[in-house]
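Participant: Take this structure first; my questions come after.
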Amino acid sequence: MKTASLRFIFSICFIVFGLSACVQMPTEKSGVSDLRPQISFRAADEALMGARINVDGLDVGNVSDYPADVATLRILPGNHRIVVSTPSGILLDEKVYLGDGVIRVFLVK
């Protein structure tokens, strides 16, 4: 009698633990898309790759840091003033509006 009840309890435990091991808990995967506008630069001459980029009065690096089709600079959506200059003068001075998801390439010559 005791062995039958032990077998029954063992069987129930085996079924409960066996079934719970086969169930995968639901998972949720979420991601956030970065839709900020992106800008990059294409230089007409290799000598212009060292020109400095200014976005809204902030120095963000050289033209060579953001070559077209290789790297982009992400900025906030809205109106911006893009200035590219060398010690000898201003090469590009442009006011632009950039919305979400826009990728803009500026030609420096």
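The values are calculated or read from the model by the stated rules, or taken from the named source; none is laboratory data. As the structure is a computational prediction, the values presented were derived from the model and not from experiment. FYI the Cβ positions are ideal-geometry reconstructions off the backbone, even for glycines, and counts take in every protein chain you see.
Participant: Answer yes or no as to whether ARG42 is touching a Pro at 6+ places or on another chain (Cβ under 8 Å), at pLDDT 95 or above and assigned to a loop (DSSP other than H, G, I, E, B).
Facilitator: Values: touching a Pro at 6+ places or on another chain (Cβ under 8 Å): yes; at pLDDT 95 or above: yes; assigned to a loop (DSSP other than H, G, I, E, B): no.
Taking the combined requirement at face value, the residue does not satisfy it.
Participant: A further question on this structure: How many of the residues in segment 61-109 are over 18 Å from LEU48 (Cα atoms) and part of a loop (DSSP other than H, G, I, E, B)?
Facilitator: 7
Participant: Which residue is surrounded by the most Cβ atoms within 10 Å (Cβ to Cβ), if the candidates are limited to segment 45-60 and must be on the phi < 0 side of the Ramachandran plot and assigned to a loop (DSSP other than H, G, I, E, B)? Give the steps one after another, and end with the answer.
Facilitator: If we filter segment 45-60 for residues that are on the phi < 0 side of the Ramachandran plot, which is where we start, we get 45-55, 58-60.
This time we only want the ones that are assigned to a loop (DSSP other than H, G, I, E, B), so: 45, 51.
Details: ASP45: 8, ALA51: 21.
Top of the filtered list is ALA51.
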